[in-house]
Amino acid sequence: MHRRIIAPGALAAASLLLAIPASAASYSPGAPGIGDPYYPDYGNGGYDVSHYDLRLQYQPKTDELQGTATILAKTTQDLSSFDLDFLLDVSEVRVNGVKASFATSGQHELVVTPKTPLAKGTPVTVVVRYSGVPSAKSAYGFTAWHRTPDGAVAADEPEAAWWWFPSNDHPSDKATYDVSVAVPDGTQAISNGTLQSTSSKLGWTRYNWRENKPQATYLATLALGKFDITTSTSEGGVPVINAYSKDLGDNDGAARASVERTGELVDWLSGYFGPYPFSSAGGYVPNTTTGYALETQTRVYYSPKQFANGSNTSVVVHELAHQWYGDDVSLKGWKDIWINEGFARYAQWLWSEHEGEGTTQELADYVYGSHPADDAFWTVKPGDPGPDDQFDIAVYDRGALAIQALRNEIGNDAFFAVLKGWPKEHAYGNASVADFQRYAEQVSGKPLAALFDTWLFQPSKPAAPAARTASLAKAGTTVAQPKSWKKIEATNDVHGH
């Protein structure tokens with residue numbers, strides 16, 4: 001920190017009196033958590049990241065990862081030290097070009113102390129050199145790094161970044177990404193966005209990926225292995241990049257028959273949600289034993305198990321819907337998960353209707369009628385489910401039920417204006433359930449507090465009159481199962497991990 005003497009004589013004495021306390025007293029450590037009540041230690045306080053530049057090298061045989069992360073950020077307070085969320089072994093940290101001291105703390109904190117404290121509003125460049133075996137690292141009793149027979153995958157929610165790059169790991173701090181990965185010739189590295197270039201040297205091939213729109217840390221993905229990669233462009237002009245492990249076995253055909261429809265489904269969803277918000281779309285299916293899928297931005301992760309019973313476009317619709325609801329507009333806090341999962345499930349209902357396998361109303365009637373009043377299903381509050389029930393089926397099904405109730409309350413014109421306008425209103429930013437309610441009220445011109453409270457926040461089944469108002473099935477009525485239900489039900493464990 002540089003100080004400038006602004007005047008001689010008496011003024012100099014006054015300036016020294018002002019300078020001395022400011023140099024020390026106002027600086028304090030950034031908080032080890034960003035303040036999310038569901039995950040108090042996730043994310044960090046004191047700074048905001050704008051860009052991650054990750055330069056990596058990975059050896060599939062040993063699962064060894066070496067990396068240099070360059071993080072561009074700006075301080076939001078006077079900082080004496082700050083945390084990064086990270087698990088691998090760090091050899092050096094530099095802050096604005098100068099070596100900084102560092103130490104580990106808690107389950108996943110890297111505490112960085114710069115040589116000179118950082119004033120609020122200062123642009124900061126943090127360089128972290130690191131290495132390690134990600135599969136050997138765990139936090140809170142689990143790992144989010146998944147080994148495959150020919151490599152590994154980083155894809156998990158609500159956390160995955162700690163195993164491969166240091167970060168401010170909370171959806172509220174989104175950033176752009178450059179991910180450059182060197183792997184042995186014959187192995188591929190897949191990440192988010194667009195492939196900028198590849199180069200080969202001395203038995204290694206380097207893949208350079210770029211995601212040029214803000215991205216939450218849990219939506220950053222890395223797939224390392226031997227893939228068959230397909231490229232195409234949707235009718236609407238969206239570049240599509242898909243990848244399939246070369247050893248998917250019996251699930252290979254069904255996976256391709258589903259994921260290869262990505263371009264068609266992106267264009268179809270654009271009719272409801274507005275223009276596709278990113279520079280590319282696609283998905284990848286590695287040979288993992290996990291059972292879930294994840295809406296990793298622009299490059300969806302699918303487990304082979306999603307296709308064990310044949311093709312399933314419904315799961316592809318679900319994850320692609322997230323590109324608008326969850327990725328483009330991300331949650332402010334993890335309690336806002338309904339905006340992600342309720343709308344992704346409702347997109348599956350819309351697809352069911354499109355395919356002639358059950359209307360959204362028939363699906364809503366079926367869900368309502370399938371759960372008696374004393375079912376624990378109704379005790380989960382989709383608008384704030386709590387960390388233990390964040391991915392409970394009620395967040396999906398009762399969440400979609402709430403959306404149908406909203407549609408019936410405000411009418412189709414206003415409803416579809418809300419569906420399409422919301423991603424535009426908060427493009428590349430973050431928003432909460434309360435923000436969504438306000439937006440729906442603004443567009444529809446109707447007060448919606450009671451409806452939102454009934455369907456999202458009351459731990460009980462809405463009474464028959466409320467259901468009738470929403471033209472849903474009355475309690476006790478037996479409703480025929482829509483044809484699409486089995487396919488939709490097959491995606492119930494997309495985040496069950």
Tyr272, sole failed condition from (1) of a type in the set (Phe, Trp, Tyr); (2) surrounded by 23 or more Cβ atoms within 10 Å (Cβ to Cβ); (3) over 23 Å from Ala216 (Cα atoms): (2)
Some residue of the range 429-447 being in contact with a Ser or Thr (Cβ under 6 Å, 6 or more places away or on another chain), crowded, with 23+ Cβ neighbours inside 10 Å, within 19 Å of Tyr325 (Cβ to Cβ) and among the polar types (S, T, N, Q): no
Hits in the range 233-264 - residues which are in contact (Cβ under 8 Å) with a residue 40 or more places away in the chain and under 22 Å from Tyr428 (Cβ atoms): Ser234, Gly236, Val238, Pro239, Val240, Ile241, Thr262
Failed condition for Thr68, given (1) touching a Lys or Arg at 6+ places or on another chain (Cβ under 6 Å); (2) of a type in the set (S, T, N, Q); (3) closer than 30 Å to Pro385 by Cβ: (3)
Matching residues in the range 139-180 - criterion: being in a strand (DSSP E or B), over 14 Å from the mean Cα position of the chain (by Cα) and within 19 Å of Pro304 (Cβ to Cβ): Trp145, His146, Arg147, Thr148, Gly151, Ala152, Val153
Residues that are open to solvent by less than 10 Å² (accessible area, probe 1.4 Å) and under 19 Å from the mean Cα position of the chain (by Cα), drawn from the range 206-241: Glu211, Gln215, Ala216, Thr217, Tyr218, Leu219, Ala220, Thr221, Leu222, Ala223
Single condition Thr262 does not satisfy, out of (1) surrounded by fewer than 24 Cβ atoms within 10 Å (Cβ to Cβ); (2) out of contact with any Lys or Arg (no Cβ under 9 Å at 6 or more places or on another chain): (1)
Odd one out for Glu319, checked against (1) crowded, with 19+ Cβ neighbours inside 10 Å; (2) in contact (Cβ under 8 Å) with a residue 40 or more places away in the chain; (3) under 25 Å from Lys461 (Cβ atoms): (3)
Complete set of residues in the range 334-357 that are in contact with a Phe, Trp or Tyr (Cβ under 7 Å, 6 or more places away or on another chain) and either part of a loop (DSSP other than H, G, I, E, B) or polar (S, T, N, Q) (or both): Asn340
Members of the range 392-447 found to be among the polar types (S, T, N, Q) and either touching a residue at least 12 places away in the same chain (Cβ under 8 Å) or not assigned by the TED database to the domain that holds Pro382 (or both), listed by number: Gln404, Asn408, Asn430, Ser432, Gln437, Ser444
Single condition Ala480 does not satisfy, out of (1) modelled with pLDDT of 90 or more; (2) surrounded by 13 or more Cβ atoms within 10 Å (Cβ to Cβ): (2)
Single condition Val183 does not satisfy, out of (1) under 24 Å from the mean Cα position of the chain (by Cα); (2) buried (at least 18 other Cβ atoms within 10 Å of the Cβ): (1)
Complete set of residues in the range 89-113 that are in a loop (DSSP other than H, G, I, E, B) and open to solvent by 10 Å² or more (accessible area, probe 1.4 Å): Asn96, Gly97, Gly106, Gln107
Search result, residues across the range 181-211 that are of a type in the set (Gly, Ala, Ser) and in a loop (DSSP other than H, G, I, E, B): Gly186, Ser191, Gly193, Gly203
Answer residue from the range 114-138, given it is over 25 Å from the mean Cα position of the chain (by Cα) and not in a strand (DSSP E or B) and is farthest from Asp78 (Cα to Cα) among those: Lys115
Members of the range 408-422 found to be in a helix (DSSP H, G or I) and either open to solvent by less than 30 Å² (accessible area, probe 1.4 Å) or in contact with a strand residue (DSSP E or B) (Cβ under 7 Å, 6 or more places away or on another chain) (or both), listed by number: Ile410, Ala414, Phe415, Val418, Leu419, Gly421, Trp422
Residue satisfying all of: in the range 332-386; acidic (Asp, Glu) and within 16 Å of Val315 (Cα to Cα); surrounded by the fewest Cβ atoms within 10 Å (Cβ to Cβ) among these: Glu355
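The values are calculated or read from the model by the stated rules, or taken from the named source; none is laboratory data. In this text, all values refer to a predicted model and were calculated from it rather than measured experimentally. Neighbour counts run over all protein chains shown; Cβ positions are idealised from the backbone, glycine included. With ligands, DNA and RNA removed, areas are computed over all heavy atoms of the protein, side chains included. Shrake-Rupley method; radii C 1.70, N 1.55, O 1.52, S 1.80 Å.
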